[in-house]
Structures are given as C-alpha cells and as structure tokens.
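K.L.:
Below you'll find the structure I mean.
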Amino acid sequence: MDLGTVRTVLRSVGTAGSAQGWRAARSAWRRQRTDARDLPPRGPERARVPGPALGAEPAPGGGTVRFARSLLRVRVAVGGAVFLGWDGAEPLPSYALAGGVPEADTRAVLEPDKDGWRVVSERMTVLVSRHGAVEVRTPGGLLLRRELPPRWWDTAGQDGSGARWVQRSQTPADARVFGLGGRAAGPRLPAGTYRLWNTDPGGSFGPGDDPLYITMPVQLVVADAGCHLVFHDCSWDGRVTLRDGEVGAGSGHDRPGGCEVRMEGGPLRYWVIAGTPARVLGGWTALTGRPAVPPRWALGHHHSRWGFGSQAAVREVAAAYREHGLPLSALHLDIDHYDGHRVFTADPERFPDLPGLARELAADGIHLVSIVDPAVKAEPGLEMYESGRAAGAFVRDARGREVRGVVWPGEAVFPDFTDPAARAWWGRHYRERLDKGFEGFWHDMNEPVSFAPFGETTLPRSARHALEGRGGDHREAHNVYGLAMARAGWEGLRELRPDRRPFLFSRSGWAGMQRYGGTWSGDVATGWEGLRASLALVLGLGLCGVPYSGPDVGGFTGMPEPELYLRWFQLGSYLPLFRTHSALRAGRREPWEFGPRVLAHARAALAERVRLMPYLETLSHIARGTGAPYVRPLWWNSPGDRALRDCGDAFLLGDALLVAPVLEPGTVRRAVRLPRGLWYDTATGRPHRGPGQVLLDAPQDRLPVLARAGAVLPVAGPDGRVELEVWAPRPGRAGGGVVFTGDPEGWGAPRMERFVARWADGEVVVERDGGGAPGYGVRVRGEPA
C-alpha cells in the first residue's frame with residue numbers, strides 16, 4: 001500500500017472515529033482480496049466486428065440480419081419503440097422493462113434496401129448496412145442517429161462477463177443530449193465522459209462531480225430533425241462519451257455530433273423511441289412503467305434534519321411551524337432515530353413513543369416519514385440479522401460466505417434484492433415502520449455503500465447475486481441494487497397496506513425506478529453551484545422518466561447564508577418534492593432561523609405552494625398517464641428552438657407555468673428566454689411575446705413566474721376549495737386545461753375534466769369540453785396586449 005493510501009486510511013480513522021475507521025479500512029482490504037481471489041483474470045482478448053452480411057430472415061415486427069461474426073435482431077413494438085439486439089441479445093431478462101416485452105407491430109417488416117435492409121414503421125425507418133452500421137431516420141428520411149458497426153473484445157477467460165463492447169454513433173450537428181440519469185452538469189449535457197456506475201460521491205457534490213447516485217444509459221437527443229431516446233439495456237459498469245457537433249464547421253459543412261458507449265460486459269441491446277418529447281416520454285414510460293402517483297400530502301412541504309435528537313425536538317419543530325403560520329405536510333426522521341443505527345428499530349430512550357408522536361403530528365396534518373438503509377448490522381441475536389440468515393437473504397461471496405462491509409451500524413451484511421425471496425423477506429419488515437406510525441419511506445445508502453478509505457465504496461465486484469435465478473455477480477447487479485430495493489419496499493407496502501398508495505423515494509436507482517416512486521438530489525453541496533445543480537438533476541431525471549424528485553433545500557452540507565437559503569426555498573416550492581434537509585453538523589434549515597425577512601418571504605412561498613397543490617396533483621396524474629414530467633425544459637413544446645435547448649436556468653411547470661429561479665447572488669432582475677406564444681407575468685399581469693428574451697423583476701420576495709395565455713389551471717381558493725385560474729387567451733384564440741381530482745391516498749380512479757377558455761362578446765368564458773358550466777369558481781387574469 002503506497003503512502004497516499006496510508007494517509008487516506010488515517011484520514012478515515014480521524015473523521016469516522018477510530019473503531020469505525022479501522023473497520024472500514026479492514027473492509028476495503030477484504031474487498032480487494034476477495035476480488036483478487038474470486039474474479040478470474042481476463043484471458044487474451046480478440047477484437048471482433050460484425051463482418052460482412054450473409055443474409056436476413058424476416059420475422060414479425062422486423063427480422064434478423066446475419067453477419068459473418070454476429071447477428072442483429074430488429075423488432076418494432078406496438079407503440080413505436082424499436083428494439084435492436086446484437087449477438088443474440090433478447091429484450092428479456094431486463095430490470096428496466098415493465099410487464100414483459102411489448103407485442104410486435106406486424107405492419108413493420110424487414111425488407112431489402114439498396115445498401116442492405118430496412119424496417120419501416122410509423123415513427124421511424126431503420127436501415128441496416130451490409131457491414132453492420134445502423135441508421136435511424138424519421139418517416140421523412142431525416143437522420144436521427146447513425147450507429148457505426150460495434151466492436152467486441154471477446155475474452156478467453158472464464159470471468160462470466162462475455163465480452164466488453166463499444167458502440168459509436170453520430171447525431172446531427174445541432175443535436176443536444178439530455179438524461180443519463182441524475183447528472184449535476186446538466187440539464188443539457190456538455191461534451192465529455194460520463195460513467196455508468198451508481199456512486200456515493202462522499203460528503204457532498206457540485207456541478208463538476210460525476211458520477212452520482214443514479215446513472216442510467218438513457219439519452220434523450222433533441223435536434224432540428226426531431227427527438228429520439230436511446231436506451232442501452234445493460235446494467236454493467238460503462239462510460240458514455242459525448243462529442244458536440246458543429247453547424248457549418250469548415251467550408252460551411254456541418255460536423256456531426258458523436259457518442260461512444262463503452263461497457264465492461266453484458267448484452268449489447270438497445271431501444272430507440274422517436275417523436276415529439278411528449279411522445280418519446282410516453283413511449284419510454286409505457287415500456288419501463290408509468291410513474292407512481294404520490295399521495296396528495298406528499299406534494300406539500302417536507303422538513304427533515306439529520307440530528308433531531310429526540311421526540312421532544314421533533315415536537316418543538318412541528319409546534320414552531322404551527323406558531324409561525326407555516327404549512328407543513330411531513331417530517332422526516334434520519335438515521336439518528338434508530339437504535340444504534342440498526343435499520344427497522346427506534347432508540348428507546350430518545351424516541352420511546354413513535355406511535356404517539358405520529359398521532360400528535362397527524363392531528364396537525366403532518367405525516368411521519370422514515371429513512372430506510374439496506375445494510376443490516378451483523379450482530380448475532382439481532383432479529384433482523386438472524387431472520388435474514390435463516391431466509392438466505394444476504395449477498396454472499398463465491399465461497400458461499402456472507403459479504404460484509406461497514407456502514408453506519410458497524411460491520412454489516414447486505415440483502416440481495418435481486419432475489420425474489422429476499423425481497424419478500426425485506427418487504428415484511430415495513431410492518432414495524434407502519435406500526436410505529438410512519439407513512440412514507442426514503443431509501444438511502446443503496447448504491448449500495450460500504451465505507452472504505454480507498455478503492456470503491458461498495459460491495460466486491462465478485463459478490464454473488466441471484467439475479468432472479470440466473471445467477472451473476474455485483475458487476476451486473478450493482479446498478480440495479482437500488483431499483484430492486486425500491487421494488488421490495490413497494491411490494492411489501494402494497495401487501496401490508498393494500499388500500500394506500502405507497503410513498504417511497506430512493507437515493508439510488510436505475511431505468512424504470514419511477515414505477516416505485518421518486519428520488520431526491522442526495523448530498524448536494526451548500527452553495528450557489530449546488531443550487532444550480534439541483535435544478536439540473538430534477539430536469540434530467542424527468543427526461544429519464546422519473547418525474548418526482550427534488551433537492552435538499554439549502555444544501556446538505558454547510559450553513560447557507562440567508563439569500564441563498566431563500567432562493568433555494570423559492571425554487572423548491574415549485575419542484576415536485578419540496579424538502580428542506582441538512583447534515584448532522586450543517587446547521588438548521590427552519591425558515592425562522594434566517595431572520596424575519598426570510599421568514600416572511602418563505603411564508604409567501606409556502607402559501608403559493610399550497611395554492612398550487614391542485615395543479616401539482618393534476619400534474620402527478622398526467623405523469624402517470626403519459627410519462628410527461630411535472631418539471632419540463634423550456635424546449636418541451638418547441639424542440640426546434642435551438643436557443644431553448646441550451647437554456648437550463650428556467651423550466652416549465654406543466655404546460656401552464658414558466659418558472660425562472662434566481663441562481664446567482666444579488667439578483668433582483670434577470671433575463672428569461674420565452675418559448676413561442678404569449679406569456680403573462682403572474683405578479684404584474686403584463687404580457688410578453690415569445691420566442692425571445694425579456695428582462696423581469698426578481699425581488700427577494702418572489703421568483704419570476706409566467707403563465708401561458710389560454711391556460712386553465714386548478715388552484716386552491718381562499719376557502720381551500722378548488723377553483724380555476726384562467727389566463728386570457730390571445731384574441732381569436734382558445735385555450736384550455738385539465739383537472740384531476742380523486743382519492744388522495746388510495747387506488748380509486750381519478751376524475752378527469754377538460755375545460756376550454758375562449759373569447760365571447762368581449763370577455764373570456766370557460767366551459768367544460770363539450771359544453772356546460774365548469775362547476776368550479778373561475779378567476780380570469782391577464783389582458784393580452
């Protein structure tokens with residue numbers, strides 16, 4: 001071990017405590033020894049490309065093209081998604097797909113083309129060349145993506161990885177790439193390399209840190225030719241390298257953009273979905289699962305802190321919210337409420353009566369939410385440990401011994417959530433949480449994390465997993481660990497409390513995690529850069545199909561100065577998950593801790609959040625039905641506007657509102673780029689026409705928020721009942737909107753109503769789609785210029 005590693009170990013000992021630090025060091029050494037012993041070294045590798053084509057066989061929805069050294073399957077699904085699998089790869093097994101493989105669109109057939117073969121579908125045309133290049137084009141013939149022939153490195157070793165592979169692509173010169181999970185550098189991803197390995201960055205993170213907790217091989221590409229999503233269904237460690245194109249580069253010729261996907265093993269298979277942004281997200285979530293709808297209360301304000309310390313402290317915070325006239329929907333308890341950091345326990349001295357506390361909070365409309373970590377303390381006699389051993393629920397090494405790491409409770413073992421029996425065992429333990437009065441759950445440390453002063457802070461790559469009975473190791477299971485844990489929690493809660501929609505959000509996950517709930521930023525650094533990264537994460541995750549997310553308002557580490565806290569709080573009030581949270585020694589996050597001026601402005605932000613709750617509930621049901629995120633990039637309805645593609649400092653909340661957060665200190669006016677159409681400043685009623693840029697006031701008491709002309713959105717009136725806020729359409733034009741109402745916590749089907757706003761006899765009238773009075777109070781705002 002070199003001197004740098006020794007210093008790292010010593011720093012770990014100093015910061016984590018001597019006993020815990022040395023445990024972590026021993027765990028790291030043990031992990032390295034285990035991998036050296038149980039991961040066979042790769043043998044000699046030989047590069048391979050598909051080679052020349054030998055022929056093709058049609059099949060329902062497409063067919064197979066045979067090459068000298070590989071074969072390619074092309075299959076168009078009903079709904080328009082196209083599957084492409086090399087080397088015999090099939091759509092299943094897959095952790096991403098929901099409900100199996102969609103039915104083939106038999107209208108699509110593989111047929112000869114001048115340079116090879118083609119499959120023509122309603123949404124795109126796929127061209128396969130005789131040397132293995134694949135082009136995806138619009139029905140009109142415009143190029144969306146060109147995949148060069150892939151390359152494999154077959155290994156003669158028996159390490160179970162199959163082959164490493166790389167696939168290089170070209171995209172139009174004007175294309176912009178979004179997605180790849182939760183990336184702090186977004187929302188539009190700049191050129192560079194992005195790792196596909198879920199990682200706890202340690203401490204806190206800012207815009208320059210990568211990777212983070214949720215990585216997904218999901219790219220949403222926006223260009224003049226159209227939009228498309230490409231998903232490489234491979235959970236192995238990998239890297240995506242993006243290269244920007246250049247319009248008119250060199251003698252007036254465009255230089256195409258580029259992408260390289262490089263994986264350390266696993267299948268080379270991918271899906272492509274094309275169309276408008278709404279159609280793409282609709283197709284993507286139809287494939288991987290529609291987003292879960294949170295209970296209505298989860299759309300309100302949440303307050304959390306690592307270090308409440310006791311039931312009395314929680315009561316004091318709840319009482320202070322009430323005394324200051326601040327609405328609060330949920331209080332979250334972090335790991336300090338556990339008994340010795342043991343999961344599914346409570347400290348009997350500091351939290352002796354959690355059911356009683358939950359009842360007290362519920363009387364004020366406050367719901368209790370519990371953290372849940374995956375690591376189980378390896379303590380003989382502990383019920384959680386002994387029952388897990390009896391169920392064979394823990395990850396083991398190649399010799400059949402429990403894999404151990406070090407997390408908050410000390411030496412710990414890890415459930416194998418890729419085993420259905422282990423998921424069922426884990427899910428039953430949420431009964432303990434429900435009995436203590438908890439109504440929601442946040443999964444943490446589930447990348448998974450094992451503390452280590454050097455090397456990777458996770459399980460050995462050689463650790464064995466069930467992988468639904470197929471068997472495999474942590475190289476394949478790592479990225480889906482958090483997703484599978486979310487499934488275990490969701491299915492357990494469905495069984496334990498079948499009449500309630502589970503509320504669950506997870507720090508780590510993978511493609512399809514929206515089926516089980518949402519996520520949050522993780523440990524974002526306190527600072528203006530952390531504030532900007534918060535917005536990038538929410539936008540990027542929404543474009544990967546995960547619409548319910550939000551940051552730790554105020555940042556996880558450090559004490560924010562009042563202006564930063566206020567601007568973060570104001571941004572959070574327009575995001576799906578609105579939660580204040582902080583680290584153990586990072587200071588308080590209650591609004592009254594920042595002075596009377598901040599308190600007054602935070603109260604106004606909370607009042608606006610309460611007013612918009614019916615709209616947020618409507619957006620949650622829209623996300624469930626269509627996959628459209630609550631928070632959308634400005635180009636959502638105008639993907640052909642190149643200027644909007646590079647604009648990451650504002651967003652659409654649904655289709656009705658444009659929110660322009662303040663992301664720099666000292667800002668009292670800011671430029672806002674508008675999509676096409678007429679937009680009203682909601683504070684002044686003044687109209688502004690887009691596309692273009694306007695300068696708007698951004699005083700400390702509010703953010704610039706604009707409403708789309710013609711929008712009809714549900715809001716809470718002064719009496720708490722739903723009313724319709726209508727922004728006047730342009731003369732001669734009509735507008736409209738939808739309203740979802742229904743069961744706030746259960747599974748009852750929501751009621752959807754459509755409304756139309758139009759001019760009649762010099763005034764704006766609102767009626768149900770198809771005619772009739774709206775049935776709600778109506779308030780018309782805005783006067784078009």
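K.L.:
I'd like the residue in the range 623-638 that is crowded, with 20+ Cβ neighbours inside 10 Å and over 17 Å from the mean Cα position of the chain (by Cα) and, out of all such residues, is farthest from Leu695 (Cα to Cα).
P.N.:
Here the residue is Trp636.
K.L.:
Hey, among Glu617, Glu563, Glu608, which residue is more than 16 Å from Gly300 (Cβ to Cβ) and open to solvent by 10 Å² or more (accessible area, probe 1.4 Å)?
P.N.:
On inspection, the qualifying residue turns out to be Glu563.
K.L.:
Hey, can you tell me all the residues within the range 316-361 that are charged (D, E, K, R), surrounded by fewer than 18 Cβ atoms within 10 Å (Cβ to Cβ) and touching an Asp or Glu at 6+ places or on another chain (Cβ under 7 Å)?
P.N.:
Of everything in the range 316-361, those that are charged (D, E, K, R), surrounded by fewer than 18 Cβ atoms within 10 Å (Cβ to Cβ) and touching an Asp or Glu at 6+ places or on another chain (Cβ under 7 Å) turn out to be Arg322, Asp339.
K.L.:
Something else: Could you list all residues from the range 631-676 that are more than 23 Å from Leu541 (Cβ to Cβ) and of a type in the set (Asp, Glu)?
P.N.:
Glu664 - this is the single residue of the range 631-676 that is more than 23 Å from Leu541 (Cβ to Cβ) and of a type in the set (Asp, Glu).
Listed here are the residues, each with its yes/no results for (1) touching a Pro at 6+ places or on another chain (Cβ under 6 Å); (2) part of a loop (DSSP other than H, G, I, E, B).
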| residue | (1), (2) |
| --- | --- |
| Arg494 | no, no |
| Pro498 | no, yes |
| Ala511 | no, yes |
| Gly540 | yes, no |
| Gly545 | no, yes |
| Met559 | no, yes |
| Leu564 | no, no |
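K.L.:
For a quick check of your reading of the model, give me the residue pairs whose first member lies in the range 671-682 and is open to solvent by 20 Å² or more (accessible area, probe 1.4 Å), whose second is part of a loop (DSSP other than H, G, I, E, B) and of a type outside the set (Phe, Trp, Tyr), with beta-carbon atoms closer than 6 Å and at least 6 apart or on different chains.
P.N.:
Arg673/Cys647; Arg676/Ser638
K.L.:
Within the set of pairs 6+ apart or on separate chains, which have a first residue in the range 328-352 that is within 19 Å of Glu411 (Cα to Cα) and outside any loop (DSSP other than H, G, I, E, B), a second that is open to solvent by 20 Å² or more (accessible area, probe 1.4 Å) and of a type in the set (Ser, Thr, Tyr), and C-beta atoms under 6 Å apart?
P.N.:
Pairs found: Asp339/Thr345.
K.L.:
Does Gly88 fit the bill of being under 30 Å from the mean Cα position of the chain (by Cα) and on the phi > 0 side of the Ramachandran plot?
P.N.:
The answer is no for Gly88.
K.L.:
Would you confirm whether or not the range 520-528 contains a residue that is out of contact with any Ser or Thr (no Cβ under 7 Å at 6 or more places or on another chain) and free of Cβ contacts under 8 Å to residues at least 40 places away in the same chain?
P.N.:
No, every residue in the range 520-528 fails to be out of contact with any Ser or Thr (no Cβ under 7 Å at 6 or more places or on another chain) and free of Cβ contacts under 8 Å to residues at least 40 places away in the same chain.
K.L.:
Out of the range 360-383, which residues are over 21 Å from Trp426 (Cα atoms) and either under 32 Å from the mean Cα position of the chain (by Cα) or among the β-branched types (Val, Ile, Thr) (or both)?
P.N.:
Scanning the range 360-383 gives Leu361, Ala362, Asp364, Gly365, Ile366, His367.
K.L.:
Based on what the data block shows, is Ala278 surrounded by fewer than 22 Cβ atoms within 10 Å (Cβ to Cβ), farther than 21 Å from Asp174 by Cβ, hydrophobic (A, V, I, L, M, F, W, C) and under 19 Å from the mean Cα position of the chain (by Cα)?
P.N.:
For Ala278, the condition - surrounded by fewer than 22 Cβ atoms within 10 Å (Cβ to Cβ), farther than 21 Å from Asp174 by Cβ, hydrophobic (A, V, I, L, M, F, W, C) and under 19 Å from the mean Cα position of the chain (by Cα) - is not met.
K.L.:
Out of Pro40, Pro91, report the one residue that is closer than 28 Å to Ala511 by Cα and either open to solvent by 10 Å² or more (accessible area, probe 1.4 Å) or in a loop (DSSP other than H, G, I, E, B) (or both).
P.N.:
Just a single option satisfies the conditions, and that option is Pro91.
K.L.:
Looking only at residues that are part of a strand (DSSP E or B) and hydroxyl-bearing (Ser, Thr, Tyr) in the range 142-170, which one is modelled with the highest pLDDT?
P.N.:
Per the stated criteria, the residue is Ser169.
K.L.:
Tell me the strands (runs of 3 or more DSSP E) entirely within the range 733-785 that contain at least 1 residues that are under 34 Å from the mean Cα position of the chain (by Cα).
P.N.:
The qualifying strands (runs of 3 or more DSSP E) are 734-741, 751-760.
K.L.:
I'm checking my understanding of the structure. Among residues of the range 384-420 that are in a helix (DSSP H, G or I) and in contact (Cβ under 8 Å) with a residue 40 or more places away in the chain, which one is least open to solvent (accessible area, probe 1.4 Å)?
P.N.:
For the range 384-420, the residue satisfying everything is Met384.
K.L.:
Moving to a separate point now. Any chance the range 601-616 includes a residue that's not in a helix (DSSP H, G or I) and not acidic (Asp, Glu)?
P.N.:
Yes, there is a match, as at least one residue in the range 601-616 is not in a helix (DSSP H, G or I) and not acidic (Asp, Glu).
K.L.:
Quick one: which of Gly100, Gly132, Gly55 is more than 24 Å from Ala225 (Cβ to Cβ) and over 29 Å from the mean Cα position of the chain (by Cα)?
P.N.:
Gly55 is the lone residue from the list that is more than 24 Å from Ala225 (Cβ to Cβ) and over 29 Å from the mean Cα position of the chain (by Cα).
K.L.:
Another question about this same structure. Do the conditions hold for Gly522, that is, is it open to solvent by 20 Å² or more (accessible area, probe 1.4 Å) and of a type in the set (Gly, Ala, Ser)?
P.N.:
No.
K.L.:
One residue is enough: does the range 182-192 have a residue meeting the conditions more than 30 Å from Gly554 (Cβ to Cβ), touching a residue at least 40 places away in the same chain (Cβ under 8 Å), in a strand (DSSP E or B) and of a type outside the set (Phe, Trp, Tyr)?
P.N.:
Within the range 182-192 (the criterion being more than 30 Å from Gly554 (Cβ to Cβ), touching a residue at least 40 places away in the same chain (Cβ under 8 Å), in a strand (DSSP E or B) and of a type outside the set (Phe, Trp, Tyr)), the answer is no, since none of the residues qualifies.
K.L.:
Can I ask one more? Conditions first: (1) closer than 18 Å to Trp271 by Cβ; (2) open to solvent by less than 40 Å² (accessible area, probe 1.4 Å); (3) touching a residue at least 40 places away in the same chain (Cβ under 8 Å); (4) in a loop (DSSP other than H, G, I, E, B). Glu122 passes all but one, so which condition is the exception?
P.N.:
Every condition holds for Glu122 apart from (2).
K.L.:
Go over the candidates Thr34, Thr64 one by one and state the one that is more than 32 Å from the chain's Cα centre (by Cα), crowded, with 19+ Cβ neighbours inside 10 Å and among the hydroxyl-bearing types (Ser, Thr, Tyr).
P.N.:
Criteria check complete, one pass: Thr34.
K.L.:
With respect to Gly685, determine if the residue is at positive phi and outside any strand (DSSP E or B).
P.N.:
So Gly685 fits the description; yes.
K.L.:
Which ones in the range 292-322 are without any contact (Cβ under 8 Å) to a residue 24 or more places away in the chain and small (Gly, Ala, Ser)?
P.N.:
Result: Ala312, Ala313, Ala319.
K.L.:
Further question: Taking the range 439-490 as the search range and keeping residues that are in a loop (DSSP other than H, G, I, E, B) and among the acidic types (Asp, Glu), which one is farthest from Gly265 (Cα to Cα)?
P.N.:
That would be Asp444.
K.L.:
Considering each of Gly517, Gly471 in turn, give the residue that is open to solvent by 10 Å² or more (accessible area, probe 1.4 Å) and over 27 Å from Val177 (Cα atoms).
P.N.:
After applying the criteria, what remains is Gly471.
K.L.:
Taking Val546, is it open to solvent by less than 10 Å² (accessible area, probe 1.4 Å), modelled with pLDDT of 95 or more and closer than 30 Å to Ala274 by Cβ?
P.N.:
Here the answer is yes, as Val546 does meet what is asked.
K.L.:
Counting only residues that are of a type in the set (S, T, N, Q) and open to solvent by 10 Å² or more (accessible area, probe 1.4 Å), which one in the range 211-249 is farthest from the chain's Cα centre (by Cα)?
P.N.:
Thr241
K.L.:
May I ask you to say which residue of Leu281, Leu287 is at pLDDT 95 or above and touching a strand residue (DSSP E or B) at 6+ places or on another chain (Cβ under 7 Å)?
P.N.:
On inspection, the qualifying residue turns out to be Leu287.
K.L.:
Suppose the filter is part of a loop (DSSP other than H, G, I, E, B) and modelled with pLDDT under 95; does Gly100 pass it?
P.N.:
In short, yes.
The values are calculated or read from the model by the stated rules, or taken from the named source; none is laboratory data. Small disclaimer: the values here were computed from a predicted structure and weren't measured. Here the Cβ is made from the backbone with ideal geometry for all residues, glycine too, and neighbour counts use every protein chain on show. All accessible areas refer to the heavy atoms of the entire protein, side chains included, with ligands and DNA or RNA removed. Shrake-Rupley method; radii C 1.70, N 1.55, O 1.52, S 1.80 Å.
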